[in-house]
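The values are calculated or read from the model by the stated rules, or taken from the named source; none is laboratory data. Computed from a predicted structure; not experimentally measured. When we count neighbours, we look across all protein chains shown, and the Cβ atoms used for this are built from the backbone with ideal geometry, even at glycine.
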Amino acid sequence: MNIIKNILIAGKHQKPILTDIFFQENNQPKPIVIFCHGYKGYKDWGAWNLVAKEFAENNFVFVKFNFSHNGGTVENPIDFSDLEAFGNNNYSIELDDLESVINWILNDELYKNEIDKNKIYLIGHSRAGGIVTLKTSENNQISKVVSWAGVANFASRFPKREALKQWEKDGVFYVINTRTKQQMPHYYQYYQNFKQNEKRLTIKNAARKLKIPYLIIHGTNDESVNINEGHQLKLWNPDSELFLVENANHTFGTFHPYTNSILTKEMMEVVEKTMKFLLNKKEDKSPL
């Protein structure tokens, strides 16, 4: 298996997009999976490397990357050594970053014999479930899209009334990272950018527009993104498929650092269901 880590892709926002690619080098065109991490996430979080290997072993080209303003750096792509960048992130930047990654994999000469340009699949976890839904609605190169524990509404995540006024006055508010104990800033531009682009950034609009296969996977015990958001996505796109993972939490039993050599039962269920969906394999429901 070929694993190439920390490739630098030039984005549109003055910061590089750090990218990994996993694939079997066999000069056969393979479907492309582009995976997007969620809020306070990064490409090397937890079990994402094991997930990438599973897809590559099943003859996908698997690409994962750090959003340019996720708070990591080229020197330290894990955790958040650039909180200024984190504070200046917004949904529009993440959509631009994803577009840059799509263009890169489709046009890089190094991989032209390994990729099937007609099979581009997006997977997004958590907040990025919304990002990939939005991107798919505006990029007709995408063939299928998958949301893992994805959000259905960005607007509902902003502070309300008095807290919003205080944010505007102060110019910044902070969230605690419970794992690293960092105070992580959000500058007011984050909200301003959303309001300026609200129609584009409304996941409901995007989900309703989708005409391609759409898989929504959600854990029934998700403590971060309520399972109702998965049901909401399904309601907006009745042709989509909603797959519930019983008793699974937001990260499907994985955590950081993830030192196990195999995936959890719940994450393996997510990976296998996703691959079957992408490969058009029917579920085996025959009795044992």
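May I ask you to say which residue of LEU50, LEU18 is modelled with pLDDT of 95 or more and surrounded by fewer than 23 Cβ atoms within 10 Å (Cβ to Cβ)?
Just a single option satisfies the conditions, and that option is LEU50.
Which residue is surrounded by the fewest Cβ atoms within 10 Å (Cβ to Cβ), if the candidates are limited to segment 164-190 and must be part of a helix (DSSP H, G or I) and without any contact (Cβ under 8 Å) to a residue 24 or more places away in the chain?
Per the criteria, the residue is LYS169.
Among residues belonging to segment 106-143 that are assigned to a loop (DSSP other than H, G, I, E, B), touching a residue at least 40 places away in the same chain (Cβ under 8 Å) and more than 15 Å from the chain's Cα centre (by Cα), point out the one that is nearest to LEU95 (Cα to Cα).
ASN139
Taking segment 53-83 as the search range and keeping residues that are of a type in the set (Asp, Glu) and modelled with pLDDT of 95 or more, which one is nearest to ILE9 (Cα to Cα)?
First pass over segment 53-83, keeping only residues of a type in the set (Asp, Glu): 54, 57, 75, 79, 82.
Checking which are modelled with pLDDT of 95 or more leaves us with 54, 57, 75, 82.
On the way: GLU54: 24, GLU57: 25, GLU75: 15, ASP82: 18 Å.
Top of the filtered list is GLU75.
Just wondering, is there one or more residues in segment 149-156 that are touching a residue at least 24 places away in the same chain (Cβ under 8 Å), of a type in the set (S, T, N, Q), surrounded by fewer than 16 Cβ atoms within 10 Å (Cβ to Cβ) and not in a helix (DSSP H, G or I)?
Within segment 149-156, one or more residues are touching a residue at least 24 places away in the same chain (Cβ under 8 Å), of a type in the set (S, T, N, Q), surrounded by fewer than 16 Cβ atoms within 10 Å (Cβ to Cβ) and not in a helix (DSSP H, G or I).
For segment 53-76, give me each residue that is surrounded by fewer than 23 Cβ atoms within 10 Å (Cβ to Cβ) and either touching an Asp or Glu at 6+ places or on another chain (Cβ under 6 Å) or among the polar types (S, T, N, Q) (or both).
ASN58, ASN59, THR73, ASN76
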